[in-house]
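What follows draws every value from the coordinates through simple rules; no lab data is involved. All of these numbers come straight from a predicted model, not from anything done at the bench. Quick reminder, even Gly has a Cβ in these numbers, built from the backbone with ideal geometry, and neighbours come from all protein chains shown.
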Amino acid sequence: MTSSIEAALIEAQRKAEFLFADIVKGGLIRPGVLESELSAQIHALARQNYGVARHWHKRVVRAGPNTMLSYYDEPPDRAVEADDTVYLDFGPVFNSWEADYGRTYVVGNDPVKHRLVADIEAAFADGRRYFENTPGLTAGGLYDYVANLATRKGWTFGAESAGHLIGHFPHETAPAESKRLSIRSGNDLDLRAPDAKGAPRHWILEIHFVDRVRQFGGFFEQLLTP
């Protein structure tokens with residue numbers, strides 16, 4: 001049975017899916033637009049169509065070589081070019097519930113870049129199955145598994161983290177151990193362990209594959225649980 005918390009997180013993600021569909025339908029991802037301009041346009045669209053007034057983390061738009069970078073990097077603003085990959089990482093808050101949703105789009109027809117997009121989507125599904133079928137799986141174990149998927153597909157895993165908690169805004173934090181509540185190598189936290197109040201935790205899984213030779217990457221994220 002789906003709990004009220006699970007239902008709220010699923011609904012928040014559903015609205016994020018609609019927002020991203022509106023981004024594509026509206027043609028916002030196009031050559032010539034700056035990353036900062038695209039971020040502002042998406043923010044305005046989220047407010048106009050869904051009443052989103054806040055985002056629980058910074059809005060991330062990366063294009064071309066910047067798609068090899070992760071959340072904490074602050075590269076110079078870049079215009080989208082005609083053959084770029086572009087990834088979006090947004091955390092809109094819907095009715096006090098967080099969504100964290102990331103997708104990659106290919107502006108041109110490069111088959112290798114389109115293969116990357118297919119591979120990160122497949123890796124997310126594979127990582128979710130591994131979680132569902134592995135009792136006692138730790139955050140470090142899941143990170144190592146999805147990082148290995150990148151290698152098997154001929155890519156490099158592009159980040160030190162492959163996900164984090166998600167929940168009611170603001171979600172649970174661990175100020176003394178900021179890395180404890182994230183999916184990263186070496187973290188022995190059981191992903192099914194309850195939070196400090198005894199409630200089930202819910203996680204976001206992030207897949208970031210990069211090609212360091214051709215200088216592009218792709219990013220895919222959404223709910224791992226429920």
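Considering only Ser182, Phe131, Ala16, the residue lying farthest towards the positive end of the dipole of the chain is Ala16, judged by Cα position with unit charges set on Cβ.
Calculated on C-alpha atoms, the gyration radius of the range 64-120 divided by its Kirkwood radius gives an Rg/Rh of 1.03. Rounded to the nearest 20, the Cβ-based charge dipole of the range 1-93 about its Cα centre (Lys and Arg +1, Asp and Glu -1) stands at 360 debye.
Our coupling estimate for the range 185-192, obtained by passing each phi through the Karplus curve with A = 6.51, B = -1.76, C = 1.60 and θ = phi - 60°, is 4, x, 7, 8, 5, 5, 5, 9 Hz, Gly and Pro reported as x.
Sorted fewest first by neighbouring Cβ atoms within 10 angstrom, Tyr50, Tyr72, Tyr105, Tyr143 come out as Tyr72, Tyr50, Tyr105, Tyr143.
Charges were assigned to the Cβ only: +1 to each Lys and Arg, -1 to each Asp and Glu. The resulting dipole of the range 4-223 about its Cα centre is roughly 180 debye. On the basis of the beta-carbon distance and an R0 of 25 Å, Lys58 and Asp22 show a calculated FRET efficiency of 0.75. Packing-based ranking of 107-118, 148-159 yields 148-159, 107-118, ordered from highest to lowest mean Cβ neighbour count within 10 Å. Residue separation of Ala193 and Lys153 scaled by 0.36 nm, minus their Cα-Cα distance, works out to 11.3 nm of gained length.
Pairs with C-alpha atoms separated by more than 23 Å, drawn from the list Lys15/Lys58; Lys113/Lys179; Lys25/Lys113, are Lys113/Lys179.
Of the residues Thr134, Thr104, the one with the fewest other Cβ atoms within 10 Å heads the list, and the complete ranking is Thr134, Thr104.
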